[in-house]
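Each value in this text was obtained by applying a stated rule to the coordinates, not by laboratory testing. None of these values were measured; they are calculated from a predicted model. Counting neighbours? That spans all protein chains shown, and the Cβs are built from the backbone with ideal geometry, glycine included.
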């Protein structure tokens, strides 16, 4: 007959891994690692988007400015194609202005001044004329005809979790340039579906006018470092799982090698002296 081994199977050491508590631990570790890896990948996607946005900004801003009237029909159809495009137009500012609050410039809090410009063809363009001190009275715009050059921007909307603007009979202040919200106040006005951030004007802005906005920062942000952090966190969790398993194996092996405090009952009887 072939010899048989009465010793435990090598795989029996790992049976504890299939206990309910350990299975729950495995699921928790897998979920944590998967979540962290996905967050790292998401940050890399954000980095790619930031790089694409920066490249698009450079392409658009380096193009020669065009007449707003020449691209007006196209931007009404596809406004995203004209983001950051420099345009020039002529018109007259409305004396009614809107304060854009909760803005920043140069590392400090400011308000922005949004003014309606009635262009020569009758359409109304919203112009962000620049920054003023918080709660300062916005300076009156030039009363006559002006020629401006500005950078086209998309209408802004409230993102999930963002604060809403208070209900107003006449809009005087807003958190964001929501053109639809502004247009709803006066349905008869033909608003251009994009606004501009003022770059130049003629007559030129004076010392009492809003300060022109700083150009957008073209940095790549912290997306790459955040991605590495998430990948490192995932690696640490995986290493923690390995260490936990090794520790349990070591503890179980040590327990098997520890001699019993009392001998087995059979041995006890064999050592007793006869009566």
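Tabulated values for the structure
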{"read-out": "Of 129, 15, 247, the one that fluctuates the most in a GNM where the chain has Cα springs shorter than 10 Å", "value": "15"}
{"read-out": "Full-stretch length increase - residue 45, residue 77 - with 0.36 nm per residue and alpha-carbon distance subtracted", "value": "8.7 nm"}
{"read-out": "Highest-fluctuation residue, 58, 146, 245 considered, GNM on the chain with Cα pairs under 10 Å", "value": "245"}
{"read-out": "Alpha carbon Rg of the stretch 65-202, scaled by the compact-globule rule 2.2 N^0.38 Å", "value": "1.01"}
{"read-out": "Reference-scaled alpha-carbon Rg (2.2 N^0.38 Å with N residues) for the chain", "value": "1.88"}
{"read-out": "Mean separation of Cα contacts under 8 Å, 6 or more apart, over the residue count of the chain: relative contact order %", "value": "22 percent"}
{"read-out": "Highest to lowest packing among 187-193, 213-219, 250-256, scored as the average C-beta count within 10 Å", "value": "187-193, 213-219, 250-256"}
{"read-out": "Alpha-carbon Rg/Rh ratio, for the stretch 1-152, with Rh computed the Kirkwood way", "value": "1.45"}
{"read-out": "11 Å reach of a label modelled at residue 136, 7 Å along Cα-to-Cβ, counting backbone N of the stretch 87-126", "value": "110-113"}
{"read-out": "Contact order relative to length of the stretch 65-202, as percent, for alpha carbon pairs under 8 angstrom and 6 or more apart", "value": "29 percent"}
{"read-out": "Percent antiparallel among DSSP beta bridges (both partners in the stretch 65-202, rounded to 5)", "value": "80 percent"}
{"read-out": "Residues 194, 36, sorted so that the one with the fewest Cβ neighbours within 10 Å comes first", "value": "36, 194"}
{"read-out": "Residue among 144, 107, 122 with the largest mean-square fluctuation in a Gaussian network model of the chain, springs linking Cα atoms under 10 Å", "value": "107"}
{"read-out": "Dimensions in Å of the stretch 162-245 - Rg and Dmax from alpha carbons", "value": "24.2, 75"}
